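Report on the structure given below.
The values are calculated or read from the model by the stated rules, or taken from the named source; none is laboratory data. What you see is a predicted model, and the numbers here were worked out from it, not measured in a lab. Every residue, glycine among them, receives a Cβ derived from its backbone with ideal geometry; neighbour counts consider all protein chains shown.
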Amino acid sequence: MLEDTSFAIHPGKEKQSGAVNYQDIGKLLDYRVEDNTFWFRCENGEVGIQFYTDSIIRIVMNQEGQPELVSSKAVVASPKIINVEVEESKEMLVIQTASVQLTITKGPFRLSIFDLQGSVIVAEGEHGMAYRENGEVIAFKQMHSNDHFYGFGEKSGHLDKRGEKLEMWNTDVYAPHNPETNALYESIPYFMTLRDGKAHGIFFDNTFRSCFDMKTSEEYYSFSAEGGQLDYYVMAGPSPKKVLEQYTYLTGKMPLPPKWSLGYHQSRYSYETEGEVRELARNFIEKDIPIDVIHLDIHYMNGYRVFTFDKERFPNPEKLITDLREMGIRVVPIVDPGVKKDAEYPIYQEGVREDNFCTYIEGDLYFGEVWPGISAFPDFTEERVRKWWGDKHEFYTSLGIEGIWNDMNEPAVFNETKTMDLEVMHRNDGKPTTHRELHNVYGLLMGKATYEGMKSNLQGKRPFLLTRAGYAGVQRYGSVWTGDNRSFWEHLQMSLPMVMNLGVSGVAFAGPDVGGFAHDTNAELLTRWTQVGAFTPFFRNHSAIGFRYQEPWQFGEKYEEIMKKYIQMRYQWMPQLYSLFYQASRNGLPVMRPLLMEYPDDAKTYNLNDQFMVGDNVILAPILVPSITDRAVYLPMGEWVEYSTGESYDGEKVHLIHAELDELPIFIRKGSAIMQGEWNSNQDKMTKTLSMKVYATTSDESYRFTFYDDDGETFAYEHGEFLRLDLEIITSADKVNVNVLNQTGSYLPTYNEINVEVIGLNEHQQVTINGESVNVIRIRK
Ligand code: MIG
């Protein structure tokens, strides 16, 4: 209570922070190389160094003895045997790979990594690796005056986290999401540093509560954890995109999601009855507003028991799901981890009998209160339990369900600490340890259980998973929404850097609750938010019980028309978006990106919070404030064309752009292209007419991109059933050439050709496609 008053800042309460009271690792005593691992014995601990590639280096410090190099929950790659050269002198040791040089000074042990041009990537100085008697471990790195920090998973506040101190502890935060609220639902202890146009990444693979401090000092930053080893990876870059490729090489890529999950999702806590859901679906069909998914929140269940339907509210779920499916709509139900303590409930019975729930070391079950009342929690840290839980999803798949929404998986519990007791002892696949250590991966492992279970139950169809909690690597299982935001303009603004930083953290498929979850939304906010949502990777309108309904038609025809236009636009852009999702599944690059990812040399992009890119050639500059129809837009190098007006804009300039309520400023880089489909109807979402919009320029440009398509819902693409076109656009004063460099895959789409539309062509320019004067690309059968 008192902490909410001025008492919180009474004199004498300041906390100590910074590099005080730590035990330094001390001098290097000796070193050896075994199995491609370097071991450094120091006065106060031992360090192991491994190479995952020439440019991904793992460093592990253990203050108690030889570091353990056991498997991680996040990392899917293994160390590689690479060529290294070692040179030793009296004071130091130099280890060189094909991409980086590590220098280690011996007294005290300090590690620095340089690129081959001799520029420092990371360096230790006065402070290096250290620990505290209480088990806390910490790494200090030198901070440069021009370092900018990105990533850190799901965080409120601005894009650039310099000057921030961020905590990682999966937390259910209903309110508030303020700039200072930094422990949210996801913990991704990873960041990317950008310095003078060059980037590198650090992934601190420690599941304990951890802290990243870019605030306390201007000379150094630090990352620390409450326990465990100091175990981290340095990714040498040197470009932001390379860093992301390296990070997702380590922690995995997003599987290609089903195409329907890229569509529009409508949700509410809750659509409470079958009747309400049917009426909702009918409305979308009648109004011709595109929709792919309706979410069922907790009211669908019988007394909030997972794997059940309430017989009165939803008497015939199978029929409902089949009927909706015919309308072109899928149903995604919520599944929470808490299993109601109820001796007559089969899931609870089985869980207890088979010993699947979390227990204390003494063997007693852990119980916590959540929606169903007193509940037990599956121990997802154990393979056997994950399998059990995953198999249970047959309940849903047998009804025709292909997607699951995991909520409350921090895990959230209604008590003071908001979560499970820290001393709960997880089984952890044969290495039992406490919830204190595994809290941050509970959601990730529930996601793993759910994704894998759905995948095997769906027998060849791609599952969709939406999860609230997660850890590094969560992208391997699902998409992430940013939890309980509010219907504030500030939260619309905040969602941009938040989703961009999630993208920088490997989570390519993410988005906020469009319109805002809690609080009453309003017509203008919902309209502007829907425009943004049409271009964020995950696009779901969701609102909370007790607040205003916010389906696109709730505020009258004028607003409905605008929202409909943008939701339809989402579908017109689907071929482009799907190609970008394909790319993300291959190289880890996010669909929605901060501008700095494409323009790392342009300092004006370093903290650009209110604009974002979709792919590498499209910039969105939405209106994010009420009653305003003009805004400043910064366009980086190049020439740009506004999508709707066709007007040209110079790069490296700030422009004042006008956008009425029905307008969303979208800029495409000249010399590049985008793929466009069309909106047919909810029952028929297949692209039949595909076009490529090429934005002409008279300057010498060349642009390459990949168009990708497949059946959108099965894994047949893994056996070659896809269509992939590697395309090239070459422009100069007298020409616009479009070339298909390569066509691969055996998928036969409904369209036979791609209509090429050149925008802004000059009279002296001639258009050719594969060298011929035509305006279509024929797809080879
Ligand atoms: O706090 O299931 O973030 O999306 O509607 C209540 C009810 C639990 C929290 C989720 C929200 C969901 C709600 N849940």
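Taking the criterion of being within 16 Å of the ligand (Cβ to nearest atom), outside any strand (DSSP E or B) and surrounded by 24 or more Cβ atoms within 10 Å (Cβ to Cβ), the residues of segment 178-208 that qualify are LEU184, TYR185.
Applying the condition of being under 8 Å from the mean Cα position of the chain (by Cα) and under 30 Å from GLY556 (Cα atoms) to segment 498-524 and asking which residue is nearest to the ligand (Cβ to nearest atom) yields ALA510.
Quick check on ILE329: is it away from the ligand (no atom under 16 Å from the Cβ), β-branched (Val, Ile, Thr), in contact with a strand residue (DSSP E or B) (Cβ under 9 Å, 6 or more places away or on another chain) and touching a residue at least 60 places away in the same chain (Cβ under 8 Å)? Yes; evaluated as a whole, the condition is true for this residue. Against the list (1) crowded, with 19+ Cβ neighbours inside 10 Å; (2) under 30 Å from VAL20 (Cβ atoms), the condition GLU218 fails is (1).
When segment 476-497 is filtered for residues that are in a helix (DSSP H, G or I) and either away from the ligand (no atom under 14 Å from the Cβ) or in contact with a strand residue (DSSP E or B) (Cβ under 6 Å, 6 or more places away or on another chain) (or both), the ones remaining, listed by number, are ARG476, TRP489, GLU490, LEU492, GLN493, MET494, SER495, LEU496, PRO497.
For LEU399, the stated conditions hold: it is under 26 Å from HIS265 (Cβ atoms) and modelled with pLDDT of 95 or more.
For the condition within 16 Å of the ligand (Cβ to nearest atom), part of a helix (DSSP H, G or I) and modelled with pLDDT of 95 or more, MET454 does not qualify.
Listed conditions (1) at pLDDT 95 or above; (2) over 28 Å from ALA472 (Cα atoms); (3) not basic (Lys, Arg) are all met by ASN83, apart from (1). Cβ separations smaller than 7 Å between residues 6+ apart or across chains give the following pairs from segment 533-547 residues that are more than 11 Å from the ligand (Cβ to nearest atom) to residues that are aromatic (Phe, Trp, Tyr): GLY533/PHE539; ALA534/TYR566; PRO537/PHE509; PHE538/TRP481; PHE538/PHE509; PHE539/TYR264. Here ARG436 meets each of (1) in contact with a Leu (Cβ under 7 Å, 6 or more places away or on another chain); (2) assigned to a loop (DSSP other than H, G, I, E, B) with one exception, condition (2). Against the condition crowded, with 22+ Cβ neighbours inside 10 Å, basic (Lys, Arg) and within 16 Å of the ligand (Cβ to nearest atom), how does ARG462 come out, does it pass? It is false that ARG462 is crowded, with 22+ Cβ neighbours inside 10 Å, basic (Lys, Arg) and within 16 Å of the ligand (Cβ to nearest atom). When the strands (runs of 3 or more DSSP E) confined to segment 735-781 are screened for residues that are among the aliphatic types (A, V, I, L, M) and not assigned by TED's automatic domain parsing to the domain that holds SER648, those reaching at least 3 such residues are found at 735-744, 753-759.
Residues that are of a type outside the set (Phe, Trp, Tyr), touching a helix residue (DSSP H, G or I) at 6+ places or on another chain (Cβ under 8 Å) and farther than 14 Å from VAL507 by Cα within segment 576-597 comprise LEU577, LEU595, LEU596, MET597, listed in sequence order.
For (1) within 29 Å of the chain's Cα centre (by Cα); (2) within 12 Å of VAL331 (Cα to Cα); (3) free of Cβ contacts under 8 Å to residues at least 12 places away in the same chain, each residue gets a yes or a no:
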| position | (1), (2), (3) |
| --- | --- |
| GLU276 | no, no, yes |
| ASP288 | no, no, no |
| GLY303 | no, no, no |
| PHE309 | no, no, yes |
| GLU318 | no, yes, no |
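Considering segment 129-175, the residues that are hydroxyl-bearing (Ser, Thr, Tyr) and within 16 Å of the ligand (Cβ to nearest atom) include one that is nearest to GLY473 (Cα to Cα), namely THR171.
The residue of segment 355-391 that is nearest to the ligand (Cβ to nearest atom), among those that are more than 15 Å from ASP429 (Cα to Cα) and of a type in the set (Phe, Trp, Tyr), is TRP371.
Answer yes or no as to whether PRO315 is in a loop (DSSP other than H, G, I, E, B), modelled with pLDDT of 95 or more and under 21 Å from MET446 (Cβ atoms). Reasoning before the result, please.
Working: in a loop (DSSP other than H, G, I, E, B): yes; modelled with pLDDT of 95 or more: yes; under 21 Å from MET446 (Cβ atoms): no.
Spelling it out, it is not the case that PRO315 is in a loop (DSSP other than H, G, I, E, B), modelled with pLDDT of 95 or more and under 21 Å from MET446 (Cβ atoms).
Quick check: is even one residue across segment 228-240 away from the ligand (no atom under 16 Å from the Cβ) and either more than 30 Å from ALA199 (Cβ to Cβ) or part of a helix (DSSP H, G or I) (or both)? Please lay out each step first, then the result.
Let us first name the residues in segment 228-240 that are away from the ligand (no atom under 16 Å from the Cβ), namely 228-240.
Keeping just the survivors that are either more than 30 Å from ALA199 (Cβ to Cβ) or part of a helix (DSSP H, G or I) (or both) gives 240.
Looking for residues that are away from the ligand (no atom under 16 Å from the Cβ) and either more than 30 Å from ALA199 (Cβ to Cβ) or part of a helix (DSSP H, G or I) (or both), one finds at least one in segment 228-240, hence yes.
The conditions of being closer than 12 Å to LEU727 by Cβ and under 29 Å from the mean Cα position of the chain (by Cα) are met by PHE707.
Inspection of segment 687-698 finds a residue satisfying the criterion of being touching a Gly at 6+ places or on another chain (Cβ under 9 Å), modelled with pLDDT under 95 and closer than 30 Å to TRP529 by Cβ. Residues of segment 549-562 that are touching an Asp or Glu at 6+ places or on another chain (Cβ under 8 Å) and within 15 Å of the ligand (Cβ to nearest atom): none at all. Restricting attention to segment 158-172 and to residues that are assigned to a loop (DSSP other than H, G, I, E, B) and among the acidic types (Asp, Glu), the residue that is farthest from TYR190 (Cα to Cα) turns out to be ASP172.
Of the residues in segment 333-354, how many are within 16 Å of the ligand (Cβ to nearest atom) and outside any loop (DSSP other than H, G, I, E, B)? Walk me through how you get there before you give the answer.
In the first step, residues of segment 333-354 are kept if they are within 16 Å of the ligand (Cβ to nearest atom); the result is 333-340.
Imposing the further condition that a residue be outside any loop (DSSP other than H, G, I, E, B) reduces the set to 333-335, 339-340.
Selection size over segment 333-354: 5.
Condition (residue is within 16 Å of the ligand (Cβ to nearest atom) and outside any loop (DSSP other than H, G, I, E, B)) applied to segment 255-272: is it met by at least one residue? Lay out the reasoning, then the answer.
We begin by selecting, within segment 255-272, every residue within 16 Å of the ligand (Cβ to nearest atom); these are 265-272.
Pick out the ones that are also outside any loop (DSSP other than H, G, I, E, B) and you get 265-266.
Scanning segment 255-272 turns up at least one residue that is within 16 Å of the ligand (Cβ to nearest atom) and outside any loop (DSSP other than H, G, I, E, B).
Please indicate, with yes or no, whether at least one residue in segment 392-408 is under 22 Å from TYR471 (Cα atoms), touching an Asp or Glu at 6+ places or on another chain (Cβ under 6 Å) and within 16 Å of the ligand (Cβ to nearest atom). So far as segment 392-408 goes, yes, one or more of its residues are under 22 Å from TYR471 (Cα atoms), touching an Asp or Glu at 6+ places or on another chain (Cβ under 6 Å) and within 16 Å of the ligand (Cβ to nearest atom). Within segment 491-527, being within 20 Å of LEU466 (Cβ to Cβ) and among the charged types (D, E, K, R) holds for one residue alone: ASP513.
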